[in-house]
Amino acid sequence: MNSEPRLVEVRKNVLKQNDLVARALRTRFREAGVFVASLVSSPGSGKTAFLEKALTQLRKAFRVAALVGDLATDNDAARLARSQAPVKQITTGTLCHLEAAMVQSALEGWNLSELDFLFIENVGNLVCPSSYDLGEAMRLVLLSVTEGEDKPLKYPTIFNSADVAIVTKIDLADAVEFDWATASANIQAVRPGMKVFKLSTKSGEGVEDFLKYLEGRLTEARRTSVA
Amino acid sequence: MHELSIAMSIVEFAEEEALRRGAKVSAVHLKLGALAGVVKSALQSSYEMACENTRLQGSQLIVEEVPVVVYCPSCRADRPLRSIQFFSCAECGAPTSQVVQGKELEVVALEIQE
């Protein structure tokens, strides 16, 4: 133990375990033909309300289910269950994000080939979930008009890690003087070319557009996985 | 605050290496990308906590911060990112989302004493 310290090279991706599980999930989802979308946002931006709406609407024509991450309660799962779709709660305790292994164990006993869409609602947090791949085909980041236009600039990492942005609560846009042009420019600054939807779960405005887009993505995913 | 669980994975890995080599690890070198979603200072203090009562107690975490590099479709080359709030080429200003480097969260070396 008296020798001089020496440097040894190693190579260890700290998140490798999560990445491996996520990759296995992604393959499983593709083989089962289920389109998986995850939702991230700050607390209170309307993830659960949006998801309840989406599940209720999509259920008319598709087989849908959801996993919902929450720190302590099962309130969200109870709300989502009103849509009649299968919903499973993942209680994370004090953990601020979902990890791929939690998704994997929550799916035990589910036959994924009986599903068209699976939604994974992450814990309300714009920081930590960005590092953890869950095997999803599409990551949605939600931003409500009441949060302000500069959220993307404050949390560029999560916006950059997402594929599609959804601006929620647009029925309140006038009341809070939401500046759409600034918000849009900020989103494009941190994630150039990102597709953005605007909607209100309350009035229903814009919901249909988004669900049409989702259907298109399912069709496309199934076509490319066959080819 | 997911830095603690990340610090614990780092310590766990370094402990395994220490045991395997029958050596003492005095420092862990980590590459940390600007887009990894991990705060350096939080990771440093979490690391100290995670080391307590392990073979790594008293060891140092040496973090090398890795800047973001993007592929610029206009320059047709890898370029530095203008800023994390502005995903565009630092040279020509063309917007781009193609991250080439900057998501690293990787232990690259250990300082050991045999």
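The values are calculated or read from the model by the stated rules, or taken from the named source; none is laboratory data. If you're wondering where the values come from, they're calculated on a predicted model, not measured in any experiment. Glycine gets a Cβ as well: all are built from the backbone with ideal geometry, and neighbour counts include every protein chain shown.
Numerical summary
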| read-out | value |
| --- | --- |
| Residue that is nearest to B:Leu61 (Cα to Cα) [pool: residues in the range B:1-29 that are of a type in the set (A, V, I, L, M, F, W, C) and at the interface with chain A (Cβ under 8 Å from one of its Cβ atoms)] | B:Ala27 |
| When residues of the range B:81-93 are limited to those that are in contact with a strand residue (DSSP E or B) (Cβ under 6 Å, 6 or more places away or on another chain) and more than 9 Å from chain A (Cβ to nearest Cβ), the one surrounded by the fewest Cβ atoms within 10 Å (Cβ to Cβ) | B:Glu91 |
| Positions within the range A:31-49 being touching a helix residue (DSSP H, G or I) at 6+ places or on another chain (Cβ under 7 Å), surrounded by fewer than 23 Cβ atoms within 10 Å (Cβ to Cβ) and part of a loop (DSSP other than H, G, I, E, B), in sequence order | A:Gly33, A:Ser42 |
| Members of the range B:52-87 that are touching a helix residue (DSSP H, G or I) at 6+ places or on another chain (Cβ under 8 Å) and part of a strand (DSSP E or B) | B:Leu61, B:Val63, B:Glu65, B:Phe86, B:Phe87 |
| Scan of the range A:81-94 for residues that are assigned to a loop (DSSP other than H, G, I, E, B) and surrounded by fewer than 21 Cβ atoms within 10 Å (Cβ to Cβ), ordered by number | A:Arg82, A:Ser83, A:Gln84, A:Pro86, A:Thr92, A:Gly93, A:Thr94 |
| Checking A:Leu153 against (1) surrounded by fewer than 20 Cβ atoms within 10 Å (Cβ to Cβ); (2) at pLDDT below 95; (3) within 14 Å of chain B (Cβ to nearest Cβ), the condition it does not meet | (2) |
| Cβ-Cβ under 7 Å pairs, at least 6 apart or on other chains, the range B:94-114 side more than 7 Å from chain A (Cβ to nearest Cβ), far side among the polar types (S, T, N, Q) and in a strand (DSSP E or B) | B:Ala94/B:Ser88 |
| Selection from the range A:99-118 of residues that are within 23 Å of B:His2 (Cα to Cα) and touching a residue at least 40 places away in the same chain (Cβ under 8 Å) | A:Glu99, A:Ala100, A:Ala101, A:Val103, A:Gln104 |
| Check on A:Ala175, out of contact with any helix residue (DSSP H, G or I) (no Cβ under 6 Å at 6 or more places or on another chain) and among the hydrophobic types (A, V, I, L, M, F, W, C) | yes |
| Some residue of the range A:104-122 being under 15 Å from the mean Cα position of the chain (by Cα), farther than 19 Å from A:Ala66 by Cβ and either not hydrophobic (A, V, I, L, M, F, W, C) or not in a strand (DSSP E or B) (or both) | no |
| Top-ranked residue in the range A:50-69 [being touching a Ser or Thr at 6+ places or on another chain (Cβ under 7 Å) and surrounded by fewer than 19 Cβ atoms within 10 Å (Cβ to Cβ); ranked as nearest to A:Leu25 (Cα to Cα)] | A:Arg59 |
| Long-range neighbours under 6 Å by Cβ, at least six apart or interchain, first residue touching a residue at least 40 places away in the same chain (Cβ under 8 Å) within the range B:12-41, second among the charged types (D, E, K, R) and surrounded by fewer than 18 Cβ atoms within 10 Å (Cβ to Cβ) | B:Glu15/B:Arg55; B:Ala18/B:Arg55; B:Ala23/B:Glu114; B:Lys31/B:Glu64; B:Leu32/B:Glu65 |
| Matching option when the condition is out of contact with any Cys (no Cβ under 9 Å at 6 or more places or on another chain) and more than 30 Å from B:Ala34 (Cα to Cα), among A:Asp209, A:Asp179 | A:Asp209 |
| Residue selected from the range A:174-227 under the condition among the hydrophobic types (A, V, I, L, M, F, W, C) and assigned to a loop (DSSP other than H, G, I, E, B), by the criterion nearest to A:Ser83 (Cα to Cα) | A:Leu199 |
| Close pairs from the range A:6-18: first more than 7 Å from chain B (Cβ to nearest Cβ), partner assigned to a strand (DSSP E or B) and surrounded by 14 or more Cβ atoms within 10 Å (Cβ to Cβ), Cβ under 7 Å, at least 6 apart | none |
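Conditions (1) within 22 Å of A:Gly204 (Cα to Cα); (2) part of a strand (DSSP E or B), marked per residue:
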residue: A:Leu51; (1), (2): yes, no
residue: A:Ala61; (1), (2): yes, no
residue: A:Ala65; (1), (2): yes, yes
residue: A:Cys96; (1), (2): no, no
residue: A:Glu136; (1), (2): no, no
